[in-house]
Amino acid sequence: MESLSLGPFNPKLKSHKLKGALEGSWACSVDYNLRIVFDIVKNQQTNQDEILLIDIGTHEEVY
């Protein structure tokens, strides 16, 4: 999970945009079967992008 905070688009995380019911969100792989679904949101106070965690679980649990 530390890799996500350092850079959500690090190639080793295999981050990708989602479609369907989760369209607009992103997912990345923590290991073979563990996924994190997240959004990139703008912090209104700092005007910086932040990671908003949506779900964490197996492939079947989060999709």
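Answer yes or no: is there a residue in the range 40-49 that is touching a residue at least 40 places away in the same chain (Cβ under 8 Å) and out of contact with any Lys or Arg (no Cβ under 7 Å at 6 or more places or on another chain).
No, the range 40-49 contains no residue that is touching a residue at least 40 places away in the same chain (Cβ under 8 Å) and out of contact with any Lys or Arg (no Cβ under 7 Å at 6 or more places or on another chain).
How many of the residues making up the range 23-44 are surrounded by fewer than 10 Cβ atoms within 10 Å (Cβ to Cβ) and within 16 Å of SER3 (Cβ to Cβ)?
2
Considering the range 2-43 alone, what residues qualify as being among the aromatic types (Phe, Trp, Tyr) and under 12 Å from the mean Cα position of the chain (by Cα)?
PHE9, TRP26, PHE38
Among the listed residues LEU13, LEU18, identify the single one that is at pLDDT below 95 and either among the basic types (Lys, Arg) or surrounded by 11 or more Cβ atoms within 10 Å (Cβ to Cβ) (or both).
So the residue among LEU13, LEU18 that is at pLDDT below 95 and either among the basic types (Lys, Arg) or surrounded by 11 or more Cβ atoms within 10 Å (Cβ to Cβ) (or both) is LEU13.
Might you check whether a residue that is in contact with a His (Cβ under 7 Å, 6 or more places away or on another chain) and in contact (Cβ under 8 Å) with a residue 24 or more places away in the chain occurs anywhere in the range 13-27?
Yes, there is a match, as at least one residue in the range 13-27 is in contact with a His (Cβ under 7 Å, 6 or more places away or on another chain) and in contact (Cβ under 8 Å) with a residue 24 or more places away in the chain.
Could you pull out the residue among ASP55, ASP39, ASP31 that is modelled with pLDDT under 95 and of a type outside the set (Lys, Arg)?
ASP31
The values are calculated or read from the model by the stated rules, or taken from the named source; none is laboratory data. Since the structure is predicted, the reported quantities are computational estimates derived from the model, not experimental observations. FYI the Cβ positions are ideal-geometry reconstructions off the backbone, even for glycines, and counts take in every protein chain you see.
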